[in-house]
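Notes to accompany the following structure.
The values are calculated or read from the model by the stated rules, or taken from the named source; none is laboratory data. This one's a predicted model, so the numbers in the text were calculated from it and none came from an experiment. When we count neighbours, we look across all protein chains shown, and the Cβ atoms used for this are built from the backbone with ideal geometry, even at glycine. Only protein heavy atoms, including side chains, enter the accessible area calculation; ligands, DNA and RNA are left aside. Shrake-Rupley method; radii C 1.70, N 1.55, O 1.52, S 1.80 Å.
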Amino acid sequence: MMKKGLFTLFLFCLIMVPLALAGGSQDAEQADGKVPITYSYWGTPDEGAAVQGVADKFNAGQDRIEVEIMSIPHDTYVTKLNTLATARSLPDCGIMNEAGVLQFAENGLLADVSGMYGSGDSKPLESITFKYEGKPVAYSAANEILVLYYNKDMFDAAGVEYPPVNAENAWTWDEFVDTAKLLTLDADGNNAKSPAFDPMNIVQYGCMVENLTWQLEVWCLSNGSGFYSKDGSSVNINNPAAVEAIQKIADLHLVHNVAPLSAGLTDDGVQRSLIAGTCAMTTNGAWNVGTCLASAREEGLNYGVAVLPYMKKKVTICTGGPNVVFSQSENPEEAMEWVKWYSREENSWALIEAGIWMPVLEKWYTDEDLIRKWIDNPNFPPYEEYKPAVVDYAREYSRSTAWYYVNNTVDFNTLLGSLLGDVWTGAKTAEEAIDDGYTSLVAAFRGDG
């Protein structure tokens, strides 16, 4: 899941407060002729003011709808929404956490938003569309995929070619491990392929594969399985291909000595590896280009971006905080109109231009002029590198992260992460850990955990 502070920027539509509870909203509508819409948002007062500024621009640009921002503290956001839902006084629309969308949909709280985009519109990418019972219930406000980052200076010093930026030429897993060995150095300068290599005295690791639980899904998919069945109806984590994929991640440290020990508990992998100068390569989300890597580059980090290696299938996964419209809203069409307008790239251009967000509409991945407007700027790695490794990769090889089509992913991921702790240290194999916890994982998937 996106990190707090970044992903709390993502927006979603909630349900309108019923007029009986809206403190005179009906009178306001009659007075100025506008339909009142309430949009809920989490964040600081400054962030709320910024969102209100965008709403003010929308309100001034048409004479049909009046949007009011409802600010709710992040830490109590879901609790507050649940309370409002019970009282049937949800706002019309608002921001939502990715993993909470299908829970609200299952409880009948989300509206079908398939009518938000017409036949002539450029639509959000299919991979960032949340669906319940086959119908769209939310679109992500931004797109993010997983990629490979690397330190160009470390590659140059080792005389190793940079990772492929085109998915067609992506490294196999074995090629990735072999390259990581060439980039893993002990205190005497021996790499991990040298007979003189000392694994007890490593000063530079070749790689770190981010093992936050939700990001591990990409390797299970790449190996021909996944956490769940393709339709999200059953748990597949005990499939031999999924187990093998997780074991391969653990073996980077346990067997090959090319990666540091990582517990998969903290969302700072890029900082601990690439930026700290301890690893030559790391996997993580595209948002890092505009966050920690932006400041690191200013301080001298010479980094590049490439596509992920693959086990059996070339794949990355995507995510992005969604906008939703609640089913209780008395004005869902107006709520969708606001959300559609609010999600336009120009309203979040500062985040897109910085490299924190990726656009959501298909046209930004197919129209060369728009692509150049987006990424041909100094905030990004070179155009000829970033376009194939991120833009084309997202268009052609991206799969939805599980929470787009599976409920209860928070409980499932939390339990799986706990079970895998012994795998990273070598106390258990992936097969042993998953077998031991499989019944509990299925219960978490079903919402019985």
* If you take the residues of segment 178-217 that are closer than 16 Å to Asp251 by Cα and acidic (Asp, Glu), which of them is most open to solvent (accessible area, probe 1.4 Å)? -> Asp178
* Structure fact -> Result of the Cβ filter at 7 Å on segment 72-96, keeping first residues that are part of a strand (DSSP E or B) and partners that are surrounded by fewer than 17 Cβ atoms within 10 Å (Cβ to Cβ), at least 6 apart or interchain, is Ile72/Lys80
* Structure fact -> With the first residue restricted to segment 235-255 and required to be touching a residue at least 12 places away in the same chain (Cβ under 8 Å), and the second required to be open to solvent by 60 Å² or more (accessible area, probe 1.4 Å) and among the aliphatic types (A, V, I, L, M), Cβ contacts under 6 Å at 6 or more apart or on different chains are His253/Leu261
* To do: Scan segment 333-343 for residues that are more than 27 Å from Tyr397 (Cα to Cα) and open to solvent by 10 Å² or more (accessible area, probe 1.4 Å) and jot them down.
  => Glu333, Glu334, Met336, Glu337, Trp341, Tyr342
* Do you know which residues across segment 249-263 are open to solvent by 30 Å² or more (accessible area, probe 1.4 Å), touching a Gly at 6+ places or on another chain (Cβ under 9 Å) and in a helix (DSSP H, G or I)? -> His253, Leu254
* **Residue in segment 307-332 that is surrounded by the fewest Cβ atoms within 10 Å (Cβ to Cβ), counting only those that are under 17 Å from the mean Cα position of the chain (by Cα) and closer than 25 Å to Glu161 by Cα** => Val315
* Asked: So which residues in segment 432-449 are open to solvent by 60 Å² or more (accessible area, probe 1.4 Å) and of a type in the set (Val, Ile, Thr)?
  -> Thr439
* **Residue that is surrounded by the most Cβ atoms within 10 Å (Cβ to Cβ), among those in segment 123-157 that are of a type in the set (Gly, Ala, Ser) and within 28 Å of Pro388 (Cβ to Cβ)** => Ser140
* Considering Gly285, Gly264, Gly224, which residue is small (Gly, Ala, Ser) and at pLDDT below 95? -> Gly264
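To keep it simple, each residue is scored yes or no on (1) part of a helix (DSSP H, G or I); (2) within 22 Å of Ala158 (Cβ to Cβ).
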residue	(1), (2)
Leu265	no, no
Arg272	yes, yes
Ala296	yes, yes
Leu301	no, yes
Val305	no, yes
Leu308	no, yes
Lys313	no, no
Ile317	no, no
* Structure fact -> Given (1) surrounded by 16 or more Cβ atoms within 10 Å (Cβ to Cβ); (2) at positive phi, Ile95 misses just (2)
* Would you pick out the residues in segment 51-77 that are aliphatic (A, V, I, L, M), more than 17 Å from Asn331 (Cβ to Cβ) and touching a helix residue (DSSP H, G or I) at 6+ places or on another chain (Cβ under 6 Å)? -> Val54, Ile72
* Structure fact -> Filter segment 344-380 for residues that are open to solvent by 50 Å² or more (accessible area, probe 1.4 Å) and in contact (Cβ under 8 Å) with a residue 24 or more places away in the chain; the one that is nearest to Glu298 (Cα to Cα) is Asn379
* Hits in segment 319-338 - residues which are under 23 Å from Ile128 (Cα atoms) and part of a loop (DSSP other than H, G, I, E, B) -> Gly320, Gly321, Ser327
* Among the residues listed as Asn377, Asn347, the single one being outside any helix (DSSP H, G or I), at pLDDT below 95 and not β-branched (Val, Ile, Thr) -> Asn377
* Asked: In segment 237-248, which residue that is in contact with a helix residue (DSSP H, G or I) (Cβ under 6 Å, 6 or more places away or on another chain) and open to solvent by 10 Å² or more (accessible area, probe 1.4 Å) is farthest from Asn413 (Cα to Cα)?
  -> Gln247
* Go through segment 381-420 and count every residue that is over 16 Å from Gln215 (Cα atoms), open to solvent by less than 50 Å² (accessible area, probe 1.4 Å), touching a residue at least 12 places away in the same chain (Cβ under 8 Å) and in a helix (DSSP H, G or I). => 9
